[in-house]
1. Around T77, with a cut-off of 12 angstrom between Cβ atoms, what is the net charge of the other residues, counting Lys and Arg +1 and Asp and Glu -1?
2. How much of D85 can a 1.4 Å solvent probe reach, expressed as accessible area in Å² and rounded to 10?
3. Separation between the S67 and S28 pseudo-spin-labels, each 7 Å from Cα along Cα→Cβ, expressed in nm?
4. Label 7 Å along Cα→Cβ of E115; segment 35-74 residues with amide nitrogen under 13 Å?
5. Give the distance, in whole Å, between the Cα centre of segment 34-80 and the Cα centre of segment 81-120.
6. If you add up the charges near L51, with Lys and Arg at +1 and Asp and Glu at -1, over every other residue whose beta carbon is less than 13 angstrom from its beta carbon, what do you get?
7. List the chymotrypsin sites (Phe, Trp or Tyr not before Pro) within segment 25-67 that fall in a DSSP loop (any state other than H, G, I, E or B) and whose Cβ has at most 14 other Cβ atoms within 10 Å.
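The values are calculated or read from the model by the stated rules, or taken from the named source; none is laboratory data. Keep in mind it's a predicted model, so treat the numbers as computed, not measured. All Cβ positions, glycine included, derive from the backbone under ideal geometry; neighbour counts span all protein chains shown. Calculation scope for accessible area: heavy atoms of the full protein, side chains included, ligands and nucleic acids excluded. Shrake-Rupley method; radii C 1.70, N 1.55, O 1.52, S 1.80 Å.
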Amino acid sequence: MESSETPTPGQSDSGQPESTSPAPAQHSRLVRYARPVLIAGAVVAVVCLVLLVIIFLLDSFNATVYSVGGKNISDATEEARQIRDLYMGARVGGIVVLIVSVLAAAAAAAMLVREQRKAGDEDADGGEDLGFDDLAGR
């Protein structure tokens, strides 16, 4: 049996409601990933901070050990330059990853706050007020 009915406005050929605006669906997908990005960004930022502190301590230790022999770490000698540049790659990499992770966490936090405020505007009264007796089932 063939149906000669045409779909009504707002429905697709399969009878399912059509999405009138694709932007909220795209926004909803992004919000779904915001919380994991926020958590990952915060964890990576903390790890980078710990790494940078360890590098600073090792750098200071190396400079102290080098200067025990009466030499100065800021000398223009090749050995002093090698000690100064020993952790340069890790230091620069740690700073770059720290900045990227903080920016990602900040963007995710901003997206979550915006979504929470938008949801708060839609449900202005906050729902039904329940007392203790209602919650305890008395």
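1. 0
2. Using a 1.4 Å probe on the heavy atoms, I get roughly 70 Å².
3. 6.2 nm
4. Counting only backbone N, you get 35-39.
5. 17 Å
6. Details: positive: R91; negative: D59.
Overall, the nearby charge balance is 0.
7. none
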